[in-house]
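Note sheet for the following structure.
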Amino acid sequence: MISAGPLLAYYCDLLGVAPSAVPARSIRCVEGSVDNALQGAMYSTGAADLEDLDVLTVAAFALYYLARNHCFPDGNKRIAFLACQRTLAQGGFRLHGSDDDLVHFVEAVARGDFEPKAIARWIGDRLVGMTSS
């Protein structure tokens, strides 16, 4: 399931930032966003625990909270989309769409144009198995 550690490591790699240079506020924000995503997914589905969650719902909530919370000075949408992609990949899925469509969608999520349920519908309409083209 999604966790803050790999996302923070990716942020450091993406922007060439030393892990020790990541502000404590950013670390707490990512941890809180991941927690909110998991709790939101559980609440929205009525899941008893994390193992009962589907990857689509978790991916949608992760994208929502990480894109909206602006944990970093730069790279928030990229980190949010990575969290979404990696969560989907854990379930054997990927998004199918043009780069432009995906970029516009993530920008719309960051602006607040989509709530998690609408995000899940948008992703679900473009979800394919890892072996599909």
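The values are calculated or read from the model by the stated rules, or taken from the named source; none is laboratory data. Everything numeric here is computed off the predicted structure, so don't read it as measured data. Heads up, the Cβs are rebuilt from the backbone with ideal geometry, glycines too, and the neighbour counts pull from every protein chain shown.
Structure above, values below:
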{"item": "Qualifying positions in region 28-40 - under 12 Å from the mean Cα position of the chain (by Cα) and not hydroxyl-bearing (Ser, Thr, Tyr)", "result": "VAL30, VAL34, ASP35, ASN36, ALA37, LEU38"}
{"item": "CYS71, sole failed condition from (1) over 12 Å from the mean Cα position of the chain (by Cα); (2) closer than 14 Å to SER3 by Cα", "result": "(2)"}
{"item": "Verdict on CYS71 being part of a helix (DSSP H, G or I) and closer than 24 Å to LEU8 by Cα", "result": "no"}
{"item": "Number of positions in region 120-130 that are in a helix (DSSP H, G or I) and farther than 18 Å from SER98 by Cβ", "result": "2"}
{"item": "Long-range neighbours under 7 Å by Cβ, at least six apart or interchain, first residue surrounded by 10 or more Cβ atoms within 10 Å (Cβ to Cβ) and modelled with pLDDT of 95 or more within region 12-27, second among the aliphatic types (A, V, I, L, M) and not in a helix (DSSP H, G or I)", "result": "CYS12/ALA18; CYS12/VAL22"}
{"item": "Tally of residues being of a type in the set (Gly, Ala, Ser) and closer than 19 Å to LEU88 by Cα across region 10-45", "result": "5"}
{"item": "Criterion violated by ASP35 - all others in (1) assigned to a helix (DSSP H, G or I); (2) buried (at least 18 other Cβ atoms within 10 Å of the Cβ) satisfied", "result": "(2)"}
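Conditions (1) surrounded by fewer than 18 Cβ atoms within 10 Å (Cβ to Cβ); (2) on the phi > 0 side of the Ramachandran plot, marked per residue:
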residue	(1), (2)
VAL58	no, no
ASP74	yes, no
PHE81	no, no
CYS84	no, no
GLY92	yes, yes
ASP113	yes, no
ILE119	no, no
ASP125	yes, no
